[in-house]
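**Q** Let me give you the structure first, and then I'll get to my questions.
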Amino acid sequence: MTYRLVIEPTQKQQEWVNLTEQQLHYLRRVLRLKNGAHFIVMDGQGNVWNAILHENSAQLLDIITTSTELSIKLTLMVALPKGNGFEDIVRSCTELGVNTFIPVISERTLLNPSPQKVERWRKIAIEAAEQSEREIIPQIFEPINFPTALTKIKEIETNKYICVTRREEVNHLFIHLQKPLLNSLVVATGPEGGWTNLEVQTAIKAGFEPVSLGRRILRAVTAPVYIASLVSAVGETHSMS
Ligand code: SAM
């Protein structure tokens, strides 16, 4: 498999990329590439090129147009689970095509993440995007309180769903995914202890529709992976717009 290198857009000057010391070390010492070797460069914003290695730089050849991205932009608003659970969510859901992660602190969230955690999540997203041959690196927001996240997203025109357990009357998310949708989707999942009634009511007032993920109760780490799998399966087998 051809190696994929993620660059900062500022490293690119027309058809040249100024490689950092760390990138040169990886290309030359770890991968043992020599001048003239071919690899793939991506800027994490949807642009992907075939490239060739020169002394301290890479020359961009042709642009690669095959798309590995989902036709619908999926944002997961995830109440942070305990321990390192969010790392697993970022890794698996990046592979499945998620566009944006909004980690939220809800009433029953037990984790208080450090700034280093956010850096680690972003590094995991880069690795998973490279591995799964994505063209974009998913965006990961700084963690925010759930009510603040709801206020920020209220005005955005997108389909919004909140996953709620033990509610016989609500439809499965899959039913909604088969209707015509806007080209973006936000889905919120709760922590181990679930959402409070007040949180669900506030989300509904902010335009979220309650949905089910089936009859079994999924772990806080499993629910986002299930959602991303459903959206990618539906998106890649039907037109979702
Ligand atoms: N005791 C909690 C409850 O009953 O809500 C369990 C929470 S569950 C471990 C974590 C989150 O995953 C839930 O808040 C919900 O957002 C989502 N979830 C898990 N299973 C679900 C299901 N079958 N339907 C809808 N949402 C589900």
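The values are calculated or read from the model by the stated rules, or taken from the named source; none is laboratory data. Please read all numbers here as calculations on a predicted model, not as lab measurements. Note that we place each Cβ from the backbone using ideal geometry, even for glycine, and neighbour counts take in every protein chain shown.
Table: residues versus (1) of a type outside the set (S, T, N, Q); (2) assigned by TED's automatic domain parsing to the domain that holds VAL187; (3) closer than 30 Å to SER229 by Cα.
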| site | (1), (2), (3) |
| --- | --- |
| THR10 | no, no, no |
| ARG32 | yes, no, no |
| MET42 | yes, no, yes |
| GLY46 | yes, no, yes |
| GLU55 | yes, no, no |
| ALA79 | yes, yes, yes |
| GLY85 | yes, yes, yes |
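**Q** Taking region 58-79 only, how many residues are under 21 Å from GLU133 (Cβ atoms), touching a residue at least 12 places away in the same chain (Cβ under 8 Å) and more than 16 Å from the ligand (Cβ to nearest atom)?
**A** The number of residues fulfilling the criteria is 13.
**Q** Within region 198-210, identify whether any single residue is assigned to a strand (DSSP E or B) and farther than 18 Å from ARG108 by Cα, and answer yes or no.
**A** yes
**Q** Name the single residue, out of those in region 141-167 being closer than 21 Å to ARG219 by Cβ and surrounded by fewer than 13 Cβ atoms within 10 Å (Cβ to Cβ), that is nearest to the ligand (Cβ to nearest atom).
**A** Taking the candidates together, the pick is ARG166.
**Q** Which residue pairs have Cβ atoms closer than 7 Å, lie 6 or more positions apart in sequence or on different chains, and pair a first residue in region 17-38 that is of a type in the set (A, V, I, L, M) with a second residue that is surrounded by fewer than 15 Cβ atoms within 10 Å (Cβ to Cβ) and at pLDDT below 95?
**A** Qualifying pairs under 7 Å: LEU19/ASN56; LEU24/ASN56.
**Q** Also, I was wondering about something else. Return yes or no: is LYS82 within 16 Å of the ligand (Cβ to nearest atom) and either surrounded by 15 or more Cβ atoms within 10 Å (Cβ to Cβ) or touching a residue at least 60 places away in the same chain (Cβ under 8 Å) (or both)?
**A** yes
Yes/no per residue for (1) more than 19 Å from LYS154 (Cα to Cα); (2) within 11 Å of the ligand (Cβ to nearest atom); (3) assigned to a loop (DSSP other than H, G, I, E, B); (4) in the same structural domain as VAL104 (by TED's automatic domain parsing):
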{"site": "ILE175", "(1), (2), (3), (4)": "yes, no, no, yes"}
{"site": "ALA188", "(1), (2), (3), (4)": "no, yes, no, yes"}
{"site": "PRO191", "(1), (2), (3), (4)": "yes, yes, yes, yes"}
{"site": "GLY194", "(1), (2), (3), (4)": "yes, yes, yes, yes"}
{"site": "ARG215", "(1), (2), (3), (4)": "yes, yes, yes, yes"}
{"site": "LEU230", "(1), (2), (3), (4)": "yes, no, no, yes"}
{"site": "VAL234", "(1), (2), (3), (4)": "yes, no, no, yes"}
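**Q** Another question about this same structure. Please verify whether region 218-232 includes one or more residues that are over 22 Å from the mean Cα position of the chain (by Cα), farther than 24 Å from ASN145 by Cβ and at pLDDT below 95.
**A** no
**Q** Pull out all pairs, ordered by first then second residue, where Cβ-Cβ is under 8 Å, the residues are six or more apart or on different chains, the first lies in region 140-162 and is over 17 Å from ILE72 (Cα atoms), and the second is among the acidic types (Asp, Glu) and part of a strand (DSSP E or B).
**A** These pairs meet every condition: ILE162/GLU209.
**Q** Can GLU168 be described as of a type in the set (Asp, Glu), within 30 Å of ASN112 (Cβ to Cβ) and more than 21 Å from the chain's Cα centre (by Cα)?
**A** The answer is no for GLU168.
**Q** Additional query: May I ask you to verify whether LEU74 is modelled with pLDDT of 95 or more, crowded, with 20+ Cβ neighbours inside 10 Å and in contact with a Gly (Cβ under 9 Å, 6 or more places away or on another chain)?
**A** Here the answer is yes, as LEU74 does meet what is asked.
**Q** On to the next question. State whether one or more residues within region 17-31 are under 12 Å from THR2 (Cβ atoms), not in a helix (DSSP H, G or I) and not charged (D, E, K, R).
**A** There is at least one residue in region 17-31 that is under 12 Å from THR2 (Cβ atoms), not in a helix (DSSP H, G or I) and not charged (D, E, K, R).
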